[in-house]
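Asker: Sending over a structure as structure tokens; questions will come in a sec.
The values are calculated or read from the model by the stated rules, or taken from the named source; none is laboratory data. For clarity, every value in this text was computed on a predicted model and none was experimentally measured. Ideal geometry is used to build each Cβ from the backbone, glycine not excepted, and the neighbour counts take in all protein chains shown. These area figures cover heavy atoms from the full protein model, side chains too; ligands, DNA and RNA do not enter into them. Shrake-Rupley method; radii C 1.70, N 1.55, O 1.52, S 1.80 Å.
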Amino acid sequence: MSELRKDPIVGRWVIISTERGKRPADFIHGEGVKPPRLGHFCPFCEGNEDKTPPEISALRNPDTRPNSPGWQVRVVANKFPALRIEGNLGRRGVGMFDMMNGIGAHEVIIESPDHVKALTDFDLSHLKKVLSVYKERSLDLKKDERFKYILLFKNYGQDAGASLEHSHSQLIATSVTPKRIKEELHGAKWYFDYKQRCIFCDIINQEIDYGVRIVEVSSDFVAIAPFASRFPFEVWILPRQHSPDFDRCSDEGLMGLGKILRSILRRLSQALNNPSYNLVFHVAPNRISRGGYWQTIDKDYHWHIEIMPRIVKAGGFEWGTGFYINPTPPEEAATYLRELEER
Ligand SMILES: [Zn+2]
Ligand SMILES: [Zn+2]
Ligand SMILES: [Zn+2]
């Protein structure tokens, strides 16, 4: 028998095959994401700074100038942005339809000057620098009152939509709160109104108690295979201490996050032969300039990272229904990932 499971936050049902869960080997068909190779032109490599839009921010060695070599992490505008930064929102109606201008920010965070290094290869002090740049960009973009949401994400490998192999993440600031986030916000608020507790904190406590869906726990973070996982080997990383905003993370917190993030990505890479994945930060929306908006958000929403290995493809059933069929129970995925050698 398969099982229908309900995600307690957004109420989404998933179908989980419990009978014979697919093992990692069942998903390994090709060679995995090929490691980056040198020998072709790459606009993100050190020395090619003039081949990208001008830099917005960078962590640089002393005495180096913007848009020249000598950086560790570099942020530039996306050359082919989905949204543009200049202009006003121009909210308007066309008959019964609503629309507005495509205003937003679309930035690329180049995570290393070194073409061949993946995030899993970074040493922890470098990874912490990358995370501190995420934080700094988020705080900076929040000052812009037009932006309601700052989405940080990473596409790794072709099956996840990455077009360049040089390690990078992206950040898109939007003038509306994305639907997925809204669903989480509503679910979390509903739970809080009802119980006066954060649903994520409750999930964390219960999962640590049960243990079956835990992949890794550290003093300040926990990684779980969520109860109603949509995808095989889906993993969420959550801070154990309640916080709605990633960008409030202390230096120590960023170090702890880097440690567990790298460990989880290494586990996934080892288990699934370096799979493509999407990684997204789910954080509370921008409340600056929106006084009185969502009074309980600081208490009811809890930021986290969702990692989705791209090893199965969504089909008509998923598109048509919003249901997902997951052939690997999260308990099996967690056990497998947990038991891999300490990373
Ligand atoms: Zn490169
Ligand atoms: Zn919480
Ligand atoms: Zn989420």
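Asker: Would you confirm, using the coordinates I've provided, whether Asn273 is of a type in the set (S, T, N, Q) and either open to solvent by less than 40 Å² (accessible area, probe 1.4 Å) or closer than 27 Å to Tyr191 by Cα (or both)?
Answerer: no
Asker: Follow-up question, since we're still on this one. Right, Ile260: under 29 Å from Lys34 (Cβ atoms) and under 16 Å from the mean Cα position of the chain (by Cα) or not?
Answerer: Details: under 29 Å from Lys34 (Cβ atoms): yes; under 16 Å from the mean Cα position of the chain (by Cα): yes.
Considered against the rule, which asks whether it is under 29 Å from Lys34 (Cβ atoms) and under 16 Å from the mean Cα position of the chain (by Cα), Ile260 comes out as yes.
Asker: Looking at the range 179-198, which of its residues are more than 11 Å from ligand 3 (Cβ to nearest atom) and either touching a residue at least 40 places away in the same chain (Cβ under 8 Å) or not polar (S, T, N, Q) (or both)?
Answerer: Lys179, Lys182, His186, Lys189, Trp190, Tyr191, Phe192, Asp193, Tyr194, Lys195, Arg197, Cys198
Residues checked against (1) in contact with a helix residue (DSSP H, G or I) (Cβ under 9 Å, 6 or more places away or on another chain); (2) among the β-branched types (Val, Ile, Thr):
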site	(1), (2)
Glu86	no, no
Arg91	no, no
Asn101	no, no
Ile109	yes, yes
His115	no, no
Val133	no, yes
Asp140	no, no
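Asker: Still on this structure, I have one more. Just to be sure before I move on: is Ala228 closer than 27 Å to Arg310 by Cα, open to solvent by less than 60 Å² (accessible area, probe 1.4 Å), assigned to a loop (DSSP other than H, G, I, E, B) and modelled with pLDDT under 95 in the structure I sent?
Answerer: no
Asker: Next question. Here are Glu55, Glu86: which of them is open to solvent by less than 70 Å² (accessible area, probe 1.4 Å) and acidic (Asp, Glu)?
Answerer: Result: Glu55 is the single residue among Glu55, Glu86 that is open to solvent by less than 70 Å² (accessible area, probe 1.4 Å) and acidic (Asp, Glu).
Asker: With the requirement that a residue be within 23 Å of the chain's Cα centre (by Cα), within 16 Å of Asp7 (Cβ to Cβ) and of a type in the set (A, V, I, L, M, F, W, C), what does the range 172-197 give you?
Answerer: Ile181, Leu185, Ala188
Asker: Identify, please: which residue in the range 155-172 is outside any loop (DSSP other than H, G, I, E, B) and at pLDDT 95 or above and is, among those, farthest from ligand 1 (Cβ to nearest atom)?
Answerer: Here the answer is Ile172.
Asker: For the range 240-252, what are the residues that are within 21 Å of Pro285 (Cβ to Cβ), in contact with an Asp or Glu (Cβ under 7 Å, 6 or more places away or on another chain) and open to solvent by 10 Å² or more (accessible area, probe 1.4 Å)?
Answerer: Across the range 240-252, the qualifying residue is only Gln241.
Asker: Turning to a different aspect of this structure: Which residue is farthest from Asn278 (Cα to Cα), if the candidates are limited to the range 77-124 and must be of a type in the set (D, E, K, R) and away from ligand 1 (no atom under 16 Å from the Cβ)?
Answerer: The extreme case among them is Arg92.
Asker: Enumerate the pairs (first residue in the range 59-84 and in contact (Cβ under 8 Å) with a residue 12 or more places away in the chain; second residue anywhere and assigned to a loop (DSSP other than H, G, I, E, B) and aliphatic (A, V, I, L, M)) with beta-carbon separation below 8 Å, excluding pairs fewer than 6 apart on the same chain, so at least 6 apart or on different chains.
Answerer: Ala77/Ile85
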